[in-house]
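To start, the structure under review is shown below, and the notes come after it.
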Amino acid sequence: MCDKIKQSWSRSEAMTVMETWLQAFEQIDAIVAENDEMALGAREAVKASDKNIPAIGVDGITDALNAVENDDLVASIFQDGAGQGSKAVEVLVNAIKGEKVEDNYWIDFEEVNKDNVAEFKKRAQ
């Protein structure tokens with residue numbers, strides 16, 4: 001790991017940070033961003049340089065799906081908002097009924113890659 005930064009989930013800020021890192025570090029092997037906006041911003045900076053650094057984001061937003069399809073992102077990790085919402089309602093109803101609820105629940109993430117991006121684009125419509 002070259003560096004890490006906490007930022008405001010912004011594409012433009014990620015681009016600026018990546019521009020700085022491209023100057024500061026001789027070798028960057030990959031970009032792993034906590035959301036798609038930051039991954040896309042970092043990739044914009046990379047595309048403006050002479051380097052090819054693969055990037056992965058999280059959320060599965062439309063721009064990221066297009067970027068995966070066009071080989072600008074290696075992958076995005078889809079967060080199932082509908083699944084999260086329905087589980088939250090289920091837990092709330094159980095709590096209201098006085099049933100035991102767990103402290104934590106796991107909602108599966110799904111990798112969006114070149115092989116399945118068309119399926120995710122259909123789901124997003």
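The values are calculated or read from the model by the stated rules, or taken from the named source; none is laboratory data. Note that the coordinates shown come from a computational prediction; the quantities given were computed from them, not determined experimentally. We place every Cβ from the backbone using ideal geometry, glycine too, and count neighbours over all the protein chains shown.
Some points to look at:
- Filtering segment 79-121 to residues that are hydrophobic (A, V, I, L, M, F, W, C), part of a loop (DSSP other than H, G, I, E, B) and within 23 Å of Leu40 (Cα to Cα) leaves only Phe109.
- Within segment 27-70, the residues that satisfy the criterion of being in a helix (DSSP H, G or I) and either closer than 13 Å to Val112 by Cβ or of a type in the set (Val, Ile, Thr) (or both) are Asp36, Ala39, Val46, Thr62, Asp63, Ala64, Leu65, Asn66, Ala67, Val68, Glu69.
- Checking Ala55 against (1) farther than 12 Å from Leu40 by Cα; (2) modelled with pLDDT of 95 or more, the condition it does not meet: (1)
- Residue match in segment 71-78 (condition: aliphatic (A, V, I, L, M), surrounded by 13 or more Cβ atoms within 10 Å (Cβ to Cβ), modelled with pLDDT of 95 or more and part of a helix (DSSP H, G or I)): no
- Residues in segment 84-99 that are farther than 26 Å from Ala55 by Cα and within 28 Å of the chain's Cα centre (by Cα): 8 in all.
- Residue count for segment 30-70, restricted to those that are in contact with a Phe, Trp or Tyr (Cβ under 8 Å, 6 or more places away or on another chain) and surrounded by fewer than 17 Cβ atoms within 10 Å (Cβ to Cβ): 1.
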